[in-house]
Every structure is written in structure tokens, then in C-alpha cells.
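The values are calculated or read from the model by the stated rules, or taken from the named source; none is laboratory data. Small disclaimer: the values here were computed from a predicted structure and weren't measured. Positions of Cβ are backbone-derived with ideal geometry, glycine not excepted, and every protein chain shown enters the neighbour counts. Accessible surface is based on the protein model in full, side chains and every heavy atom, while ligands, DNA and RNA are left aside. Shrake-Rupley method; radii C 1.70, N 1.55, O 1.52, S 1.80 Å.
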Amino acid sequence: MAGSWHPSTHLPLNEKEVRQLMAEHVNIDGWKMARKGHIYTFWSVPEAPSSNGLSYGVNAMTGTVYDAVSGGPLWNLLIKDAPDLDKIVSGEQYQKVILKLADQAIKTSGMTTDRKQWVSGGYGEGFIYGDVIKDHRRIYIKLDVFTQQWEEIEDPWKN
């Protein structure tokens, strides 16, 4: 895994660790939290009923925090020098950074791409997905852009 790890952490993260690491990044005082398997969801409760709150998911298996609505990765709780994508306000700029991080992971794993925009979207739980070439065949993968963990998945467009 790339980057500098938070001291004395192990995976999967437990609830106490997730809460503590989230609090180091976001003021989660007064936020609600739910857990389903290895996914923790945090959401703010705005004072004004007409306001929208924030909601983040945390994948305790990778430490990646993602937008709970879109599934797009935002930052990693354990990799200190990972970029903070939550601070990017332009969707176009976000996509450029995601593609740059994903391309780095692809190159280090022995895979290649046959086009610039190979990323198809968010897979949820902080992963992105797309198709790549590995061992001279096209495969579909889900990829954590921070940890560079990936796995082959079924073609998401096949019905």
C-alpha cells in the first residue's frame, strides 16, 4: 500500500478507531453513526430542517472514507499523505485526480489501459471501477485509489 500509515493501526479498523480517526479529520460531534458489516456511515444532522447534511461512509477494511451518496473516494484515514479529495469543489478536477491516482495503481500492478477515460464510475464502499488489460485480456476491476488494492469483478454492464 502506498503512502505513510497512521501509527499502530491494523485492519479492519474497529468502531473506536473509526470514530477517533474520523474526529481527527472532521468535527463529528453530534453526528449519527451506523454500522453494517465493515462499513460505518456518519451523517450530520443540520439545525435547519430544509438544509442537507453531510454523509460519509468509512470502509474499515481499507480506511478509505467516501461520499455515502455517490460512493466516490474522498480521503484515507490511515495514509497520512493521501490527497484529500473532499476539498476539491470542481467535478472535473475531482475526476482528473481520481484518474491520476487510478493510473498510478494500474501501472504498479502490471495492468494497462487502452484509453484515457477507462474509469467507469464509483463502485461504492470507496472503490472505483473500470476495465483494464491484464495478461492480454480485458478484465473489470474495483480499485481503492488510496491503498491501490484491487480485485477483478464481473462486467458491470453485462446483463
Could you give the dipole magnitude of the chain about its Cα centre, charging the beta-carbon of Lys and Arg +1 and that of Asp and Glu -1, in debye to the nearest 20?
220
Once all protein chains are kept in place, THR108 shows an accessible area at probe 1.4 Å, nearest 10 Å², of 100
Check LEU77: other-chain or 5+ apart residues with amide H under 5 Å from its amide H, H built from backbone geometry?
THR64, VAL65
Considering only DSSP beta bridges where both residues belong to region 108-159, give the percentage that are antiparallel (nearest 5).
100
For region 66-159, run through the chymotrypsin sites (Phe, Trp or Tyr not before Pro) and keep only the ones in DSSP coil with at most 11 other Cβ atoms within 10 Å of their Cβ.
TRP157
Please list, in chain and number order, the residues 5+ apart from TYR123 or on another chain whose amide H is under 5 Å from its amide H, with Hs placed from the backbone.
ILE128, TYR129
Label-point separation (nm) for LYS96 and ILE133, each offset 7 Å from Cα along Cα-to-Cβ?
2.7
In region 1-105, what is the volume of the convex hull around the alpha carbon atoms, normalised per residue and reported in Å³?
114
Tabulate in residue order the Karplus-calculated ³J(HN,Hα) for region 142-147, using 6.51 cos²θ - 1.76 cosθ + 1.60 with θ = phi - 60°, rounded to whole Hz; enter x for Gly and Pro.
10, 9, 8, 5, 8, 8
Enter the accessible area per residue of the chain (Å², integer; probe 1.4 Å; all protein chains in place).
58
State the percentage of accessible surface on region 57-159 attributable to carbon and sulfur atoms; use a 1.4 Å probe and exclude ligands, DNA and RNA.
48
By how many nm would the segment from THR41 to HIS25 lengthen if fully extended, with 0.36 nm per residue of separation less the alpha-carbon distance?
4.3 nm
Counting other Cβ atoms within 10 Å of each Cβ, which GluC sites (Glu not before Pro) in region 1-95 have at most 15 and sit in a DSSP loop?
GLU47
Among ILE141, SER55, GLY121 - extreme Cα towards positive end, dipole of the chain, charges at beta-carbon
ILE141
Pairs beyond 23 Å (Cα-Cα), from LYS107/LYS142; LYS100/LYS158; LYS134/LYS158; LYS116/LYS142; LYS36/LYS158:
LYS100/LYS158; LYS36/LYS158
